[in-house]
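Encoded as structure tokens, the structure appears first; notes follow it.
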Amino acid sequence: MTDKQYSLEEIRLRLNELDDQMLSLLSERRKLSIDVAKSKVQTSKPVRDANREQQLLVKLINNGKEKYDLDAQYITKLFHTIIEDSVLLQQSYLQKLANPESQKPLARVAFLGSRGSYSHLASREYFSRKHTELIELNCEQFKEVTSTVESGHADYGVLPIENTSSGSINEVYDLLQHTTLYIVGELTLPIEHCLVATSDIQLENIKTLYSHPQPHQQCSEFLNRLKGVKLEICASTADAMKKVKELNRSDIAAIGNASSGKLYGLQSIQSNIANQTENHTRFIVVARKPVEVSTQIPAKTTLIMSTAQDAGSLVQTLLVLQKYGINMTKLESRPIMGNPWEEMFYVDLQSHLASSDMQQAITELTKITKFLKVLGCYPIENISHTQVKID
């Protein structure tokens, strides 16, 4: 637009035109991303090319500064999102080729809690990426989630495994020790805790607060500042919100998600109550059969193993991973029920199960452990952003 003075309505119309153009260009770019994936099927090239991504970002930043007077951080943030979307699209395409029998338009998914629980939100987020419609099966306990999938009444189960604030969810780790299910996917979901109630009540008027134990831990600093409030445990945050809605009292509230609260006719009365501003929960997706992962996709492999009760036994297993250059992203120990003082170790490895290094490592680990089982190999969908230096 020129220096001519335009009315607010004319400016808004022009903005709308530009927004439509951007949507059209983004749609065209997504289609080209699929074409890139198709070409990589022929060449067997990996989905991610760090050098190419870095060169692209540097070029975009320089062009943005010189030609369009755009801020480097703005460009970087925008294209990190675009690149992440492109990577996930390509991974999804390759996974469909690797698992043609599992590509169904409808899936039965079991999760903890009712509509609006964080597990429910994670289920919808994960399967929306797969363009899969859901038959939603809510469960009251983690054990019910796994048994529903094991029995064949559900195709998948979604379980929270760890949180950046409250740590590992031990009950889920203990279930993995005994289940016959495999991990076939993962998702990291931002957790935005707030207090929700039937009306805009004052904090000092709250007498009872409902929630799941995990949010209680994740919001402990805020809760410690509330005086004389009774904490009531519910099966999930969704069940807590349902309880508040049913009781319909002005002296009770629940910890939950603001958008989920709206599903129950509740309003947020206090936001950002978690101990950490960056609060995320990692969820795993389990199924009765393992998933085939394209070797062109970054993958994670999860093992469980037990070692001899000798000095240095665990260190010996870690040296095997070091020997083959396998990065360990998680190590969790849990007691073995019925075997006092013995531990089962859960290990997340940033490595594809089919790689030669991983296969050699498993062969050596099998020889020096008392028990070893692969819980699953699955695509890494938490895309790390390519970093560039911003002046």
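The values are calculated or read from the model by the stated rules, or taken from the named source; none is laboratory data. These numbers come from a predicted model, not from an experiment. Reconstructed Cβ throughout: ideal geometry from the backbone, glycine too, with neighbour counts over all protein chains shown. These area figures cover heavy atoms from the full protein model, side chains too; ligands, DNA and RNA do not enter into them. Shrake-Rupley method; radii C 1.70, N 1.55, O 1.52, S 1.80 Å.
Observations on the structure shown:
- Ligands, DNA and RNA excluded, the heavy atoms of Glu232 present near 60 Å² of accessible surface to a 1.4 Å solvent probe.
- The alpha-carbon of Lys367 sits under 21 angstrom from the alpha-carbons of these lysines, leaving out residues fewer than 8 places away in its chain: Lys323.
- Placing a pseudo-label 7 Å from each Cα along the Cα-to-Cβ vector at Val374 and Lys207 gives an inter-label distance of 5.8 nm.
- Extension gain, Lys262 back to Leu23 (0.36 nm per residue minus Cα-Cα distance, nm): 83.1 nm
- Whole-number percent relative contact order across the stretch 268-391, with pairs defined as alpha carbons under 8 Å at least 6 apart: 37 percent
- Computed over the Cα atoms of the stretch 74-118, the ratio of the radius of gyration to the Kirkwood radius (Rg/Rh) comes to 1.16.
- With every protein chain in place, the stretch 296-391: carbon and sulfur % of accessible area (1.4 Å): 53 percent
- Ligands, DNA and RNA are left out, and with a 1.4 angstrom probe the accessible area of the stretch 327-388 is 52 Å² per residue.
- Mean separation of Cα contacts under 8 Å (6+ apart) over length of the chain, as relative contact order %: 18 percent
- Counting protein heavy atoms only, the stretch 1-63 has 53 percent of its accessible area on carbon and sulfur, 1.4 angstrom probe.
- Per residue accessible area of the stretch 84-210, 1.4 Å probe, in Å²: 42 Å²
- Gyration tensor verdict on the stretch 166-228 (Cα atoms; rounded if a/c is under 1.5, prolate if a/b is larger than b/c, oblate otherwise): prolate
- When all protein chains stay in place and ligands, DNA and RNA are ignored, the 1.4 Å accessible-area order of Ser92, Ser123, largest first, is Ser92, Ser123.
- The listed residues Arg115, Arg129 rank as Arg115, Arg129 when sorted by accessible area, largest first, using a 1.4 Å probe.
- Summing charges over all other residues whose Cβ lies under 14 Å from the Cβ of Val41, with Lys and Arg as +1 and Asp and Glu as -1, gives +3.
- Stretching Arg30 away from Asn327 to a fully extended chain increases their span by 103.8 nm, per 0.36 nm per residue minus the current alpha-carbon distance.
- Cα convex hull volume per residue for the chain (Å³): 208 Å³
- Fraction of antiparallel bridges per DSSP, the stretch 80-183 only, in percent to nearest 5: 15 percent
- Non-local Lys pairs in the stretch 1-149, i.e. 8 or more apart or on different chains, that have alpha carbons under 15 Å apart: 9
- DSSP-defined beta bridges in the chain - what % are antiparallel, rounded to 5: 75 percent
- Calculated mean residue ellipticity at 222 nm for the chain: -13000 deg cm²/dmol, from DSSP H runs with n ≥ 4 weighted as -39500 (n - 2.57), summed, divided by the residue count and rounded to 500.
- When the surface is traced with a 1.4 Å probe over the full set of protein chains, His178 keeps roughly 130 Å² accessible.
- Taking one quarter of the surface of the convex hull spanned by the alpha-carbon atoms of the stretch 77-168 gives a direction-averaged projected area of 7.6 nm².
- Of the residues Thr363, Thr132, the one with the largest accessible area comes first in the ranking Thr363, Thr132, computed with a 1.4 Å probe on protein heavy atoms.
- For Lys227, the lysines whose Cα falls under 26 Å of its own Cα, not counting residues fewer than eight places away in the same chain, are Lys207, Lys242, Lys243, Lys245.
- Extension gain from Gln360 to Gln5, taking 0.36 nm per residue of separation minus the Cα-Cα distance: 120.7 nm
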